[in-house]
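Following: one structure in structure tokens, then a few remarks.
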Amino acid sequence: MNRYMSSCVAIAALIAGGTSALAADLPSRTVVPVAPVVVPIFTWTGFYGGLNAGYGWNVNDNRYYDPNTGLVQKEDSDGGFVGGGQIGYNYQLGQFVGGIEADVQYADLSAGSETYLNEPSNGHRGKGTDWFGTVRARLGFALDRALVYGTGGFAFGGRDKEDNYYDDYYTNFYDDGDDISTGWTLGGGIEYAFTDNLTAKVEGLYINLGREKNSYWYTVPNYEKRTDNEFGVVRAGVNYKFSGY
């Protein structure tokens, strides 16, 4: 019986030792951790450029004083197509975005005009805006890919003018040409990034290019004219953002 027990113990020890040796010979299994997927956060920081188009309308309050016809006040509400291009740069800090933008626009804002007859005097006068541009600061608040912003700064523009007047002696006083005026602008808008590089915006601007006041001494008393050059713009545009930093 003792011999039988000893043989069983010896066989069990031999099996255990063989199993340990076999396990030692097997290749080790080391689990390699999977790197987490990092989704890049969109940033408004970077240079951009694009195109825009929209509608503009005059909000002029023009006043005329003529010694023959008396005071004439005319509010010019003519409007038309505006379109052009813009370039700029944004820098994002947290959810706040600051930047600068410059644009140049074609403008089909037809001249308001007035023709009147008062024997033996008659006249015709009018003005309009052919083009304009702005250089503006932008400050906005970003909600991921949406940006709500306000904007304002320097404005400039060119306008045609026509002033043709005959006095009591049928002397022709004629002035026709282009004026370049400067002023200021304020506005705001919203912009959305459809991709990391392509954005679209809708914005509105009020542009004031100053006031012109002239006096013409034909006979006594004299003719006086005051012309405001101010208009509103609503436009949509697309931008391509060149880089994120």
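Every number in this text was worked out from the coordinates using simple rules, so none of it is lab data. Remember, it's a predicted structure, so these values are computed and weren't measured experimentally. We place every Cβ from the backbone using ideal geometry, glycine too, and count neighbours over all the protein chains shown.
The listed peptides 132-138, 236-242, 193-199, ordered by packing as a protection proxy, come out as 132-138, 236-242, 193-199 (highest mean of other Cβ atoms within 10 Å first). Placing a label point 7 Å from the Cα of Ala102 along the Cα-to-Cβ direction, the residues of the stretch 185-205 with a backbone N closer than 19 Å are 185-186.
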